[in-house]
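Enquirer: Take a look at this one; I'll ask things after.
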Amino acid sequence: MKLYNMNLSNFATKSRIVIYEKGANVEIAPPPGAGMKSPEYLAINPLGKIPCLDADGLIIPESEVINEYLEEKFPNPRLLPATPEDRARVRLFTRFHDLYLEPPLRALFGHLNPKTRDDKVVTEKLTELQGRLDQLETMLAAEGYAAGADFTLADCALAPTIFFAVNMLPGFGAKPPLEGRPKLAAWWTKVRQRPSVKKALAEMDEALKALLGGGR
Ligand SMILES: N[C@@H](CCC(=O)N[C@@H](CS)C(=O)NCC(=O)O)C(=O)O
């Protein structure tokens, strides 16, 4: 099995955390050719997005589909709970992440440079993102991991995006994501200690520093 990956991608990091957590025998490789839009990669994944799993010939794009597939293929340690109700609780976080929390953050990527940013878009997307972070604060379990005592796919989905939020928001002069959100702050402290998360976020951090330093 092979995961097409870029360390800076928060979606790919979702899947790397799962691979590390499970110690799964999955090769992690960059897309072939000149990146995500190369003819070589588009021939593998016509969506031209990262991540994508080549599951011994079955091509699976979409990080959450990949993660659920990995969960079924490598059931230990389990990252989805035992009951349908608890699984639904975890999936609410992963859907919330993909559909509502991540898009306003992604919309800010093109506006990091103060000289070229569109202030109207920045204000609009920051307002949306702060609202989503408030919603996340109400959703998080009172203690432990995102959905409760156990580390789950919910934590895998949230950690890379919160990493971006923590690193990016101060650059926009925005309220830091952890400020006034005690459950999010406590979760962030805890989840970063998890070895799988620590490793994947260190890789993201290195890639981010290389990008900001112009080295990539
Ligand atoms: N819904 C997709 C989103 C993947 C995604 O947007 N990945 C980014 C990198 S973080 C990408 O490939 N961007 C290039 C593009 O959208 O064309 C998933 O969950 O895997």
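Enquirer: Is it the case, given these coordinates, that Leu92 is touching a Ser or Thr at 6+ places or on another chain (Cβ under 8 Å) and either touching a residue at least 12 places away in the same chain (Cβ under 8 Å) or of a type in the set (Asp, Glu) (or both)?
Expert: In short, no.
Enquirer: Provide a single number: the residues in the range 116-132 that are of a type outside the set (S, T, N, Q) and either under 19 Å from Gly180 (Cβ atoms) or within 23 Å of the chain's Cα centre (by Cα) (or both).
Expert: Of the residues in the range 116-132, 9 are of a type outside the set (S, T, N, Q) and either under 19 Å from Gly180 (Cβ atoms) or within 23 Å of the chain's Cα centre (by Cα) (or both).
Enquirer: Just the residues that are within 16 Å of Phe151 (Cα to Cα) and among the acidic types (Asp, Glu), please, taken from the range 86-108.
Expert: Asp86
Enquirer: Any idea how many residues of the range 39-50 are away from the ligand (no atom under 12 Å from the Cβ) and free of Cβ contacts under 8 Å to residues at least 24 places away in the same chain?
Expert: Residues flagged as away from the ligand (no atom under 12 Å from the Cβ) and free of Cβ contacts under 8 Å to residues at least 24 places away in the same chain within the range 39-50 amount to 3.
Enquirer: Of the residues in the range 107-152, how many are without any contact (Cβ under 8 Å) to a residue 12 or more places away in the chain and of a type in the set (S, T, N, Q)?
Expert: 5
Enquirer: In the list Pro46, Pro61, which residue meets the criterion of being of a type outside the set (Ser, Thr, Tyr) and more than 15 Å from the chain's Cα centre (by Cα)?
Expert: The match here is Pro46.
Enquirer: So, in the range 177-215, exactly how many residues are of a type in the set (Asp, Glu), under 13 Å from Leu8 (Cα atoms) and free of Cβ contacts under 8 Å to residues at least 60 places away in the same chain?
Expert: 1
Enquirer: Could you please let me know if Gly35 is in a loop (DSSP other than H, G, I, E, B) and either in the same structural domain as Leu208 (by TED's automatic domain parsing) or within 9 Å of the ligand (Cβ to nearest atom) (or both)?
Expert: No; evaluated as a whole, the condition is false for this residue.
Enquirer: Can you tell me how many residues within the range 51-66 are assigned to a helix (DSSP H, G or I) and either farther than 19 Å from Ala159 by Cβ or more than 7 Å from the ligand (Cβ to nearest atom) (or both)?
Expert: 2
Enquirer: Right, something else. Going by the structure shown, is Asn7 part of a loop (DSSP other than H, G, I, E, B) and either assigned by TED's automatic domain parsing to the domain that holds Met139 or more than 14 Å from the ligand (Cβ to nearest atom) (or both)?
Expert: no
The values are calculated or read from the model by the stated rules, or taken from the named source; none is laboratory data. On a predicted model such as this, the values are computed, not experimentally measured, just so you know. All Cβ positions, glycine included, derive from the backbone under ideal geometry; neighbour counts span all protein chains shown.
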